[in-house]
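One structure is given below, encoded as structure tokens.
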Amino acid sequence: MDGFFSVEDTLALLDEAFVQNALIACAVLGLVAGLLTPLVVSRGMAFAVHGTAELAFTGGAAALLVGLEVGLGSVAGAVIAALIFGILGLRRRERDSVIGVVMAFGLGLGVLFLSLYDGRSANRFGLLTGSIVSVDGTNLGVLAVVAVLVLAALLVVYRPLLFASTDPDVALARGVPVRALSLVFAVLIGLVTALAVPIVGAILVLAVMIVPGAAANRVTANPVLATVIAVVIAEVSLVGGTILSLAPGLPVSAFVATIGFAAYVLCRVVARLRGRAPARA
């Protein structure tokens, strides 16, 4: 295990252009994912994120098969999945069954596309577990455009979206367009999930889209503070996980998931200690 976390090797790799591209991508992804993940958790849409990730994988596999940009294919697959989930499964009691049906079909197609692809096996593996090597200038361009779209949409709909997420019945009674906001939010989830797939892979997208929000919601009920904490956790997980993965040359997803899990456990401990403090006093 000598040199597994070699500082010298890590510093040398940080000078490489592809590593710098990956770190920029992680920083942007951490920002947009951190902004969305508290809302995802409060709306109970963890399974929807998982389903969207699988369809982003399908879109990426299709693009890989026909020779198109994988990032564009992932975005297309994720947005189509989000629209399907939003249109067919707006009611919470219907949502999981709709997601399960569509996800199973899409995942089957993705496996078929990968089996038909005769290129490098690393490209197939990267769709499942992520690969910082896959982040190039084109990916950064797609990432920047999508991130700007997500941030602009959030600036417009964040307040009514937060209202509809915390109390949808009252929001509907007060004239908030809950159905339209659900569709918009589903598309935003699809876009950000598609950005996460090339970096952390379809299998562990939940480490980016769920864990930061779940951890933040354990320590505060203030939506603004929860969002700030979620952004910090997402950034540390993605950027820190990428740096830690450099020297051993292992998939970044494992390190991102580990850091995120540690943050979640820490937040639970903090919440438990804060809950016991008044009783001890």
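The values are calculated or read from the model by the stated rules, or taken from the named source; none is laboratory data. Predicted model only: the values in this text are computed from it and were never measured. Note: ideal-geometry Cβ built from the backbone for every residue, glycine included; neighbour counts use all protein chains shown. Ligands, DNA and RNA are excluded from the accessible area calculation, which covers all protein heavy atoms including side chains. Shrake-Rupley method; radii C 1.70, N 1.55, O 1.52, S 1.80 Å.
Expressed as a rounded percentage, what relative contact order does segment 152-273 have, with Cα pairs under 8 Å and six or more residues apart? Intermediate values should be presented prior to the final figure.
Details: 105 pairs, mean separation 27.6, N = 122.
Relative contact order of segment 152-273: 23 percent.
Quick one, can you get me the convex hull of the C-alpha atoms of the chain expressed as volume per residue in Å³?
Details: hull volume 40.3 nm³, N = 281.
Residue-normalised Cα hull volume stands at 144 Å³.
Hydrophobic, long helices, defined as DSSP H runs whose alpha-carbon span along the helix axis is 20 Å or greater and whose mean Kyte-Doolittle value is at least 1.6, occur in the chain at 17-42, 70-88, 137-166, 178-200.
Just name one of 146, 270, 233: the one whose Cα is farthest towards the positive end of the charge dipole of the chain (beta-carbon charges, Lys/Arg +1, Asp/Glu -1). Looking along the dipole axis, the top candidate is 270.
Compute the relative contact order of the chain as a whole-number percentage, counting only Cα pairs closer than 8 Å that sit 6 or more residues apart in sequence.
Numbers: 444 pairs, mean separation 89.5, N = 281.
Across the chain, relative contact order equals 32 percent.
Per residue, the average separation of C-alpha pairs within less than 8 Å and at least 6 apart gives segment 1-74 a relative contact order of 15 percent.
Of 52, 166, 242, which has the largest mean-square fluctuation in a 10 Å C-alpha GNM of the chain? Comparing 52, 166, 242 in a Gaussian network model of the chain, the most mobile one is 166. Hey, any idea what % of the chain's accessible area is carbon plus sulfur with a 1.4 Å probe? For the chain, the apolar C and S fraction of the accessible surface comes to 69 percent.
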